[in-house]
Amino acid sequence: MAIVLITGAAKRLGATTAKYFHQQGFTVVVHYGQSQAQAETLVAELNQLRDQSAFALAADLNQVEQIPVLIQRVEEICTHNGLPLKVLVNNASTFFPTPVNQADLNQWDQLFNANLKAPFFLVQQCLPLLKKAQGSVVNLVDIHGIRPLQNHSLYSSAKAGLIMMTKALALELAPEIRVNGVATGAILWPEGGGEDEEILATIPLATTGVPLDIAKAIYYLAVESNYVTGQILPVDGGRTLNQ
């Protein structure tokens, strides 16, 4: 089959996506930042299903110099297993409020590094591998990169930048590599938080989605849609219709 690299894949949406790609026959590289225990548990679970089909790699994506080292290790996995890197999923993200009268440079760096800078340099470092495999990139953006979220100006701006970067890279890297994005809506509430009835009231389908909805959308764009590039697919229950 082939290899997929998923950043921030130790838990939540990333872990669901890793499991889904694995079910489809992919060998999965699970990147993690701080969630070592969750990443290793996930990889062990996948390897029980199919030996040597999942690997966990650590890197702090806020430190851009760690990205070439990460991709070198991915290339070693490709070589050792005789498989191409077919898909890069830029899922890792940072999210927190930044009211404009309180935001500082450190918050700017955290949000733009995780949501915009790291995805760009991950694509750059993966170029030789992805070109060789005629592969694809899927960036996890956000509906709030299309319509801003109150008190989240830095996060919304970073995700808006990722949307434009997705389109720009799709144009630049065609025809060898396809680049698309999935704009998530209300899928998982922040850890420790409950459902927001006010948000639910804005969703035409009147419910939150589930992580598998995102995983399937990523897989469609990454693997099944050979004639789709430069597109942003909202998976939001229709919420953007009310924004």
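General remarks:
- Where Cα atoms sit under 13 Å apart: lysine pairs in the chain separated by 8 or more or lying on different chains: 6
- Förster-model FRET efficiency, 45 Å R0, residue 225 and residue 100, C-beta, rounded to 0.05: 0.75
- Expected-Rg normalisation [2.2 N^0.38 Å, Cα atoms] applied to region 1-104: 1.15
- Take the Cα of residue 75, go 7 Å toward its beta carbon, and the backbone nitrogen atoms of region 107-127 under 15 Å from that spot belong to 122-127.
- Scattering profile of region 71-116 at q = 0.22, 0.27 Å⁻¹ [log10 I(q)/I(0), Debye over alpha-carbon scatterers]: -0.78, -0.96
- C-alpha center-to-center spacing [region 130-189, region 71-116] in angstrom: 12 Å
- Kirkwood-type radius of region 92-193, with distances r between different C-alpha atoms, in Å: 14.4 Å
- Applied to region 150-160, the Karplus parametrisation 6.51 cos²θ - 1.76 cosθ + 1.60 on θ = phi - 60° returns per-residue 3J(HN,Hα) values of 3, 6, 10, 4, 6, 4, 4, 5, 5, 5, 4 Hz, with x for Gly and Pro.
- When its C-alpha radius of gyration is set against 2.2 N^0.38 Å (N residues), region 85-141 gives a value of 1.41.
- Residue 41 - accessible surface, heavy atoms, 1.4 Å probe, Å² rounded to 10: 90 Å²
- Ligands, DNA and RNA are left out, and with a 1.4 angstrom probe the accessible area of the chain is 48 Å² per residue.
- Here the accessible area of the chain is 52 percent carbon and sulfur, with a 1.4 angstrom probe and all protein chains present.
- Size of the chain from its Cα atoms: along the principal axes, largest to smallest, the extents are 49, 38, 34 Å.
- Charge tally in the Cβ shell below 12 Å around residue 1, where Lys, Arg are +1 and Asp, Glu are -1, residue 1 excluded: +2
- Among 101, 129, 1 - extreme Cα towards positive end, dipole of region 1-137, charges at beta-carbon: 1
The values are calculated or read from the model by the stated rules, or taken from the named source; none is laboratory data. Keep in mind that this is a model prediction, so the values were computed, not measured. Every residue, glycine among them, receives a Cβ derived from its backbone with ideal geometry; neighbour counts consider all protein chains shown. These accessible areas exclude ligands, DNA and RNA; they are computed on the full protein's heavy atoms, side chains included. Shrake-Rupley method; radii C 1.70, N 1.55, O 1.52, S 1.80 Å.
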